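Data first, discussion second: the structure below is written as structure tokens.
The values are calculated or read from the model by the stated rules, or taken from the named source; none is laboratory data. Quantities reported herein were computed from a predicted structural model and do not represent experimental measurements. Cβ coordinates were reconstructed from backbone atoms using ideal geometry, including for glycine residues, and neighbour counts include every protein chain displayed.
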Amino acid sequence: MINEEIDFTDPQMLRHKAEEQLKKQQKKTPQSLLDADAKKILHELQVHQIELEMQNEELHHAYETTEATLKKYTMLYDFAPIGYFILDYDGSISDLNFTGAEMLGDRRIGLLNSNFKLYIADESKLVFDDFFRKVFANILKETCEIMLGYDGCPLGTVYLEGISTGDDNKCFLSVVDVSLFKKTK
């Protein structure tokens, strides 16, 4: 047979010709070898199926573990009794927890991408600017105490701890309301 007669773009014709060739080859091969090959292939397929089932079970277990861990750390972050913020290099809030939003007197979604510096009382802006500069100047944890407030409306005194994440120019910031401690002194 000449290959020019076969239209390789026609899948039905190609399959028909391939089946014809397979029949010719099978006529030349003893049945015992075909049976042995079939048993070997069946065994390999069964082993592969079991391997895939085991991998699927392991993936399912890993997924459940990941989901449980995600839920745990989401709860830990979102509902922590202190404010957590992630600030960009320019002071924009890229993420925060519910306590942080409560401290700033707004909803979490409304605070995203706003500048944290807008919520600092005028008398504490220099202290915060110095703190923020130091956070990005080194990889050590920096601390300070400032007053939160805006438009002449004080929100309270807070203790800040911040550290730079390094390459991505983010600042992890924890904020603790110390207003009650100030009043009792």
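Determine, yes or no, whether Gly100 is touching a residue at least 40 places away in the same chain (Cβ under 8 Å), assigned to a helix (DSSP H, G or I) and either surrounded by 12 or more Cβ atoms within 10 Å (Cβ to Cβ) or hydroxyl-bearing (Ser, Thr, Tyr) (or both). Against the criterion (touching a residue at least 40 places away in the same chain (Cβ under 8 Å), assigned to a helix (DSSP H, G or I) and either surrounded by 12 or more Cβ atoms within 10 Å (Cβ to Cβ) or hydroxyl-bearing (Ser, Thr, Tyr) (or both)), Gly100 qualifies. Of the listed requirements (1) at pLDDT below 85; (2) not in a loop (DSSP other than H, G, I, E, B); (3) not basic (Lys, Arg), Asp7 misses just one: (2).
Yes or no: Ile93 touching a Cys at 6+ places or on another chain (Cβ under 8 Å), assigned by TED's automatic domain parsing to the domain that holds Gly110 and of a type outside the set (Gly, Ala, Ser)? Judged against the criteria, Ile93 is not a match. Condition (residue is within 19 Å of the chain's Cα centre (by Cα), assigned to a helix (DSSP H, G or I) and among the acidic types (Asp, Glu)) applied to the range 66-82: is it met by at least one residue? Scanning the range 66-82 turns up at least one residue that is within 19 Å of the chain's Cα centre (by Cα), assigned to a helix (DSSP H, G or I) and among the acidic types (Asp, Glu).
Among the residues of the range 79-98, not one is modelled with pLDDT under 95 and polar (S, T, N, Q). Being among the acidic types (Asp, Glu), over 11 Å from Cys171 (Cβ atoms) and touching a Leu at 6+ places or on another chain (Cβ under 8 Å) is a condition met by at least one residue of the range 141-149. Out of the strands (runs of 3 or more DSSP E) lying entirely within the range 109-185, which hold 3 or more residues that are touching a Lys or Arg at 6+ places or on another chain (Cβ under 8 Å) and either crowded, with 17+ Cβ neighbours inside 10 Å or at pLDDT 95 or above (or both)? In the range 109-185, 153-164 are the strands (runs of 3 or more DSSP E) which contain 3 or more residues that are touching a Lys or Arg at 6+ places or on another chain (Cβ under 8 Å) and either crowded, with 17+ Cβ neighbours inside 10 Å or at pLDDT 95 or above (or both). Close Cβ contacts (under 7 Å, 6 or more residues apart or on different chains) running from residues in the range 34-59 that are surrounded by 10 or more Cβ atoms within 10 Å (Cβ to Cβ) to residues that are in a helix (DSSP H, G or I) comprise Leu34/Gln26.
Could you tell me which residue of the range 150-185 is farthest from Asn113 (Cα to Cα), considering only residues that are among the β-branched types (Val, Ile, Thr) and out of contact with any Leu (no Cβ under 9 Å at 6 or more places or on another chain)? Here the answer is Thr184.
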